[in-house]
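A.B. asks: Here it is, the structure in full.
The values are calculated or read from the model by the stated rules, or taken from the named source; none is laboratory data. Given the structure is predicted, the values throughout are model-derived calculations rather than measurements. Methodologically, a virtual Cβ is constructed for each residue, glycine included, from the backbone with ideal geometry; neighbour enumeration extends over all protein chains shown. We work out accessible area using only protein heavy atoms, side chains counted, and drop any ligands, DNA or RNA first. Shrake-Rupley method; radii C 1.70, N 1.55, O 1.52, S 1.80 Å.
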Amino acid sequence: MPKFVRLLAFTAVLAISAVMLVPGAGWAGDATLSWTAPGTNTNGSALTDLSGYKLYYGTQSGSYSKTLDVGNATTYRVQSLSAGSYYFAVTAYNSAGRESAYSTEAAKTIVADVTAPVVSGVYASSIATDSVKINWMTNEPATSQVEYGMTASLGYSTTADASYLTTHIQPISGLAPSTTYYFRVKSIDEAGNIAVSANFTFTTAAPADTVPPVISNVQVTDITSTSAVVTWTTDELATSQVDFGTGGSFTATTPLKTGLTTVHSALLDGLQSYSTYNFKAISSDSAGNTAVSVSGTFTTANQLPAVNSVSATPLSGMAPMLVEFAASVADPDGVIVKYEWDFDGDGVYDQDTGAAAAVSHTYDSVGTYLAKVRATDNGGAAVVSEPVTISVESAVNKPPVVVSILGTVAQNGNSVSITFDVSASDPNGVIVKFDWDFDGNGTIDATTSSAPALYTYESSGTYTPVVTVTDDQGGTATLSTSVDVPDVSATSGAGSVSSGSGSSGGSGGCFIATAAYGSYLDPHVQVLRGFRDNVLMENPIGRSFVDFYYRVSPPMADFIARHETLRTAARIALTPIVYAIEYPAPAASLAFLIAGIAVMARVNRRRVL
């Protein structure tokens, strides 16, 4: 080999790595050499045009049969050396092609390798639906290959990677999803020693889930005025949530339940009573596929109305009693559309007043009544009030008033008939019965429901007929009169008789006088009655007057009896007449005196004129 004087002698000692098989560093069949780059030329000048190195080696020292241009590398590995002793030297060359002398020689003996690589750490990674990566390690550089299949017999293999490596990764593709595969790894070292692992398995991933859950059996339970529970099921594990709102909108959402289940429930609270809500159930599976149910509706429970008060005016009184009822009822979620009234508390509602909260009712019968009202709102919820006690007492009955008895006499052959007519009234009811004792012997001869009544007297004489009237509440009044029945052989024609003494009503035989003085037994009435019997009835003119009087005076007397002012005026008018009848002489003198005074006054008046 030529030597160039100008090139600096390559004196750097060639650093050779260990020439024996060392795991992780050097292996049998390889020789890794390293050296230090020269810095000067042979003349001592700086080396500025170093271009590369050449590696020489062979099986005899100083005689190299192989030459390798390794470029600018200062470390190089010679591979695939067969068993035997090898000698190595390195030269450097510059850009002009001038080459230095050999470096110091290095030697290594290659021993024949008959041990297969040791395989460890076998596992599958990056498992997908159709691919996987198989990983393993060897204790020396070796090739990489995987055999695999869907049974323990395998049947498939990857393309072998001829690179000698200690860390191995082999990808496998074209696999079926959700399938269990068997596999083993295979590595061959540089000496051709083969290592095969035991069988392992992996399962490819399931296909990507793009189908949302199926929601079914959606129900609403436990509905109250403020809450409800929505339940549903899904055909796969999924989350739980509900959107809800009113008026067709979904403005509220329940908290998301992230726990995956197939039986779902969600509480909807804070709701308005008696309101219609729309809702939809929402569930998402583990792949994020979301299902939404068909929108449904439910109505929250209706709250009962509340009775604030029920009033009744009056609460007690006499029958018949008119009572005014009024109710105050509030409804928290609607309006009252119907009021029903049970006036007697028998459970039967007697009157429906619709939306009107007031009503009146007349109690005709005596008793104690527990009145109540039932109020119903527009949602059908009803509330019944507490009862109101109504006490109806029996009215104090005012007895009837008998003003007069008027008898009309008629002769019929040898008998005398008298038609008795009664002027009577009742202040707070009606007269329903007349009991007649025509001869005054204490025995009721007839009972009628009305007057007049006819009675025939078979013999002459003076009789005291008595009439008792009874009203619809059992009140009675009695009045008697005196009747002179003439001897039919001595009289003829017809006449009249008037009322006599009476009781319970303050009336007497002289109608107007009895009404004025308040009793038939009053002395003033007796005076007038005596004047009638002893004076007027003794002559035809007087009897005509009495007959006229008894025909027209009963209504007038009845009217006067009911007005105190008229009674007073009547007394004032009758007092002079009574005085004149009772004291005729003084009355005549007083009359003459008054007449004289009147005449003198008239004479004086003419003189003045």
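A.B. asks: Checking Leu68 against (1) in a loop (DSSP other than H, G, I, E, B); (2) of a type in the set (A, V, I, L, M); (3) open to solvent by 50 Å² or more (accessible area, probe 1.4 Å), which test does it fail?
C.D. replies: Just one mismatch for Leu68, condition (1).
A.B. asks: Still on this structure, I have one more. Going by the structure shown, is Ala266 under 30 Å from Asp333 (Cβ atoms) and not in a loop (DSSP other than H, G, I, E, B)? Give the steps one after another, and end with the answer.
C.D. replies: Working: under 30 Å from Asp333 (Cβ atoms): yes; not in a loop (DSSP other than H, G, I, E, B): yes.
Taking the combined requirement at face value, the residue satisfies it.
A.B. asks: Let me ask something else about it. Six or more apart or on different chains, Cβ under 7 Å: which pairs go from a residue in region 201-228 that's closer than 21 Å to Gly288 by Cα and in a loop (DSSP other than H, G, I, E, B) to one that's open to solvent by 60 Å² or more (accessible area, probe 1.4 Å) and aliphatic (A, V, I, L, M)? Could you list them?
C.D. replies: Close Cβ pairs (under 7 Å, with a partner that is open to solvent by 60 Å² or more (accessible area, probe 1.4 Å) and aliphatic (A, V, I, L, M)) amount to Thr204/Ile127; Ala205/Ile127.
A.B. asks: Take region 147-174 and flag every residue that is part of a strand (DSSP E or B), open to solvent by less than 60 Å² (accessible area, probe 1.4 Å) and over 28 Å from Val78 (Cα atoms). Steps first, answer last, please.
C.D. replies: Step one: of region 147-174, the residues part of a strand (DSSP E or B) are 147-149, 156-157, 161-173.
Narrowing the set further to residues that are open to solvent by less than 60 Å² (accessible area, probe 1.4 Å) leaves 147-149, 161, 163, 166, 168, 170, 172.
Passing the criteria: Glu147, Tyr148, Gly149, Ile172.
A.B. asks: Still on this model: Quick one: would you say Ile431 is more than 13 Å from Leu479 (Cα to Cα) and open to solvent by less than 50 Å² (accessible area, probe 1.4 Å)? Steps first, answer last, please.
C.D. replies: Working: more than 13 Å from Leu479 (Cα to Cα): yes; open to solvent by less than 50 Å² (accessible area, probe 1.4 Å): yes.
Here the answer is yes, as Ile431 does meet what is asked.
A.B. asks: Here are some residues: Thr246, Thr262, Thr258. Which one is under 27 Å from the mean Cα position of the chain (by Cα) and either open to solvent by less than 50 Å² (accessible area, probe 1.4 Å) or of a type outside the set (Gly, Ala, Ser) (or both)? Please lay out each step first, then the result.
C.D. replies: Details: Thr262 fails: under 27 Å from the mean Cα position of the chain (by Cα); Thr258 fails: under 27 Å from the mean Cα position of the chain (by Cα).
None of the other options fit; the residue is Thr246.
A.B. asks: Could you list all residues from region 299-343 that are among the charged types (D, E, K, R) and in a strand (DSSP E or B)?
C.D. replies: Quick first cut of region 299-343, residues among the charged types (D, E, K, R) only: 324, 331, 333, 338, 340, 342.
Scanning region 299-343 gives Glu324, Lys338, Glu340, Asp342.
A.B. asks: Any residue in region 352-380 that's open to solvent by 60 Å² or more (accessible area, probe 1.4 Å): show its pairings with residues that are outside any strand (DSSP E or B) and of a type in the set (A, V, I, L, M, F, W, C) at Cβ separation under 7 Å, as long as the two are six or more apart or on different chains.
C.D. replies: Short answer, once both residue conditions are applied: Asp364/Ala319; Ser365/Ala319; Val366/Ala319; Asn378/Val335.
A.B. asks: If Pro177 satisfies every condition in (1) over 30 Å from Pro255 (Cβ atoms); (2) touching a strand residue (DSSP E or B) at 6+ places or on another chain (Cβ under 7 Å); (3) open to solvent by 40 Å² or more (accessible area, probe 1.4 Å) but one, which is the exception?
C.D. replies: Exception for Pro177: condition (2).
A.B. asks: Also: Cβ-Cβ distance below 6 Å, separation of 6 or more or different chains: which pairs start in region 550-572 with a residue that is open to solvent by 40 Å² or more (accessible area, probe 1.4 Å) and end on one that is assigned to a helix (DSSP H, G or I)?
C.D. replies: Every condition considered, the pairs that remain are Ala561/Ala515; Leu566/Ile560; Arg567/Ala516; Arg567/Ile560; Arg571/Ala516.
A.B. asks: Can you tell me which residues in region 134-144 are in contact with an Asp or Glu (Cβ under 7 Å, 6 or more places away or on another chain) and either polar (S, T, N, Q) or touching a residue at least 60 places away in the same chain (Cβ under 8 Å) (or both)?
C.D. replies: Narrowing region 134-144 to residues in contact with an Asp or Glu (Cβ under 7 Å, 6 or more places away or on another chain): 140-144.
Result: Glu140, Pro141, Thr143, Ser144.
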